[in-house]
Amino acid sequence: MEKSGTLSTPEQKHSKFKVHYTWIYVTERCNLHCDYCFFRHMHGREISLDAVEKLFLLFEKETGAPSTLIFSGGEAFLAKENLFRILNEAHGRFKDTSLHIQTNGLLIDRDSIIELRRLGVTLEFGIDGASEATLRHRCGLKPASFKKLTETIRACVQAGIGCGSTMTVHPQEVDHMEQGLDFLREMGIPHVDVTPAAFMPWTPETVALFKTNYLKLARRPELRRTMYANEDNEWIAPGYMDLSLHPPGYLLGGDPFLCLPENKRMEFNIWDDVGRFRPEVLAFYRTAHEKVHREHAKLPYREFVCHNFELMNSMMGTQYMNTWAINDILRFLTRTHLTLGVKKYGT
Ligand code: SF4
């Protein structure tokens, strides 16, 4: 694709868009190697602080700030100095933006907890339920580090930090969902996003079992309060899209594109080296998003995520991800949460 144009010229006003969520992947390094890791092409790079500044200027001058800035990795706390530098900057500049970190929780110390509390940052821990299931798939985690992780989560909850967890369900673990969710709830984690592991060998049988078991859980009123349903109760309006900033400074259209290989990140990078928009790349995302809004009168955010998974396959020009299984389960979650009235967390 050719690089050309700047967003701010009058003839490109049609390129304007609003940002819903933005991810900043502060590092590609991680201290675990989970077997289902979505981040398939780690190169060990860090985010460039210049790219972050360009992104913040973009919010201020062009798109408006996102509702939430999500910090992720790799493991974000491996780049603690940059992480806190960016958090402090965002805290000072974007008063209405929530700050959120996705983490495996292994490197959060007492000083970090105090600072996170001061900045009003919320945390999302990757923990897949009780120790057996978590240790089986989050490779590198040992019984002692699992114990330390649970102590850290408890310390964060007690410190008053808003905490949740993503409980990734591997197809092998569909029979352990109830045990996992009970374990996390009893630990005091207020909300849990039960989510299928992408890129794993789902079959029609394991997808069906996931649904049967999840429905059983959703019918237990005390568990329903723990289930994370924000993405089903949150509607994304036309003209909005997500952004994601990847090391060293690629700007892409959302979280799922983390798993794209390097050549595709370059091809679908929304801006060039000096922060000018590449109109043809922006138009690619905009056209795809407009199409999905034409097909769905009302678009829950989770449906938008399903759309982005399908978009990723079209970016790759091949069936890169097994979207039939993942999207089937994600759409089932939306239907279940809306039918049973599972509320947005915090309402
Ligand atoms: S902790 Fe996250 S980034 Fe690290 S290997 Fe596991 S899933 Fe991947």
**Q.** Lys, Arg +1 and Asp, Glu -1 on Cβ, resulting dipole of the range 17-340 about Cα centre, debye, nearest 20
**A.** 440
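List the pairs from Lys18/Lys61; Lys18/Lys95; Lys16/Lys343; Lys216/Lys343; Lys216/Lys344 whose alpha-carbon separation is above 22 Å, in the order I gave them. If you can, show how the numbers build up before the last one.
Details: Lys18/Lys61 12 Å; Lys18/Lys95 17 Å; Lys16/Lys343 32 Å; Lys216/Lys343 17 Å; Lys216/Lys344 20 Å.
From Lys18/Lys61; Lys18/Lys95; Lys16/Lys343; Lys216/Lys343; Lys216/Lys344, over 22 Å: Lys16/Lys343.
Can you give the Kirkwood hydrodynamic radius for the chain, in Å, rounded to one decimal and based on Cα pairs?
Values: mean 1/r = 0.0482 Å⁻¹.
Evaluated over the chain, this radius sits at 20.7 Å.
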Q: Measure nothing but the geometry: give the 0 to 90° angle between the long axis through the Cα atoms of 143-158 and the longest principal axis through the Cα atoms of the chain, rounded to 10°.
A: 70
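Please give the FRET efficiency for Asp35 paired with Arg276, using the beta carbon to beta carbon distance and R0 = 41 Å, rounded to the nearest 0.05. Working shown, then result.
On the way: r = 40 Å, r/R0 = 0.97.
According to the calculation, E is roughly 0.55.
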**Q.** Hypothetical label at Glu222: residues of the range 170-196 whose amide nitrogen lies under 14 Å (7 Å Cα-Cβ projection)
**A.** 179, 181-189
Q: Can you work out the PRE-style zone for Ala208? Point 7 Å along Cα to Cβ, and I want the residues of the range 298-330 with backbone N under 17 Å.
A: 325-326, 328-329
Q: Take every DSSP beta bridge whose two residues both sit in the chain, then give the antiparallel share in percent to the nearest 5.
A: 15
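Let me check something: with ligands and nucleic acids excluded, how do Met200, Met42 order by accessible area (1.4 Å probe), largest to smallest?
Working: Met200 30, Met42 85 Å².
Ranking Met200, Met42 by accessible area, largest first, yields Met42, Met200.
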Q.
Output the 0 to 90 degree angle, nearest 10, between the alpha-carbon long axis of helix 177-186 and the longest principal axis computed from the alpha carbons of the chain.
A. 90
Q: May I ask you to list the residues of the range 151-179 whose amide nitrogen lies under 18 Å from a point 7 Å from Cα along the Cα→beta-carbon direction of Lys142?
A: 151-152
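If we sort 124-136, 91-103 on the protection proxy, mean other Cβ atoms within 10 Å, highest first, what's the order?
In descending order of packing, they fall as 124-136, 91-103.
For the chain, which whole percent of the accessible surface, found with a 1.4 angstrom probe, sits on carbon and sulfur atoms? Before the final figure, lay out each step's value.
Working: 7870 of 14660 Å².
Ligands and nucleic acids excluded, carbon and sulfur reach 54 percent.
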Q | Dipole-positive endmost among Leu58, His191, Phe84 within the range 17-340 (Cβ charges, Cα centre) | A | His191
**Q.** Cys163 long-range amide H proximity, modeled H, under 5 Å
**A.** Leu123
Q: May I ask you to derive the FRET efficiency for Val157 and Glu290 from their Cβ-Cβ distance with R0 = 51 Å, giving the value to the nearest 0.05?
A: 0.80
Q. Under the Karplus relation 6.51 cos²θ - 1.76 cosθ + 1.60, θ = phi - 60°, what is the ordered set of whole-Hz ³J(HN,Hα) values for the range 101-107, x standing for Gly and Pro?
A. 10, 9, 8, 8, x, 7, 10
Q. Under a 1.4 Å probe, what is the accessible area of the range 232-327 per residue, stated in Å²?
A. 36
Q: Skip the ligands, DNA and RNA, and give the accessible area per residue of the range 94-143 with a 1.4 Å probe, whole Å².
A: 45
Q. In degrees between 0 and 90, to the nearest 10, how far off the longest principal axis of the chain does helix 204-218 point, with axes built from Cα atoms?
A. 70
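The values are calculated or read from the model by the stated rules, or taken from the named source; none is laboratory data. What you are looking at is a predicted structure, and each value in this text was computed from that prediction instead of being measured. Counting neighbours? That spans all protein chains shown, and the Cβs are built from the backbone with ideal geometry, glycine included. Accessible surface is based on the protein model in full, side chains and every heavy atom, while ligands, DNA and RNA are left aside. Shrake-Rupley method; radii C 1.70, N 1.55, O 1.52, S 1.80 Å.
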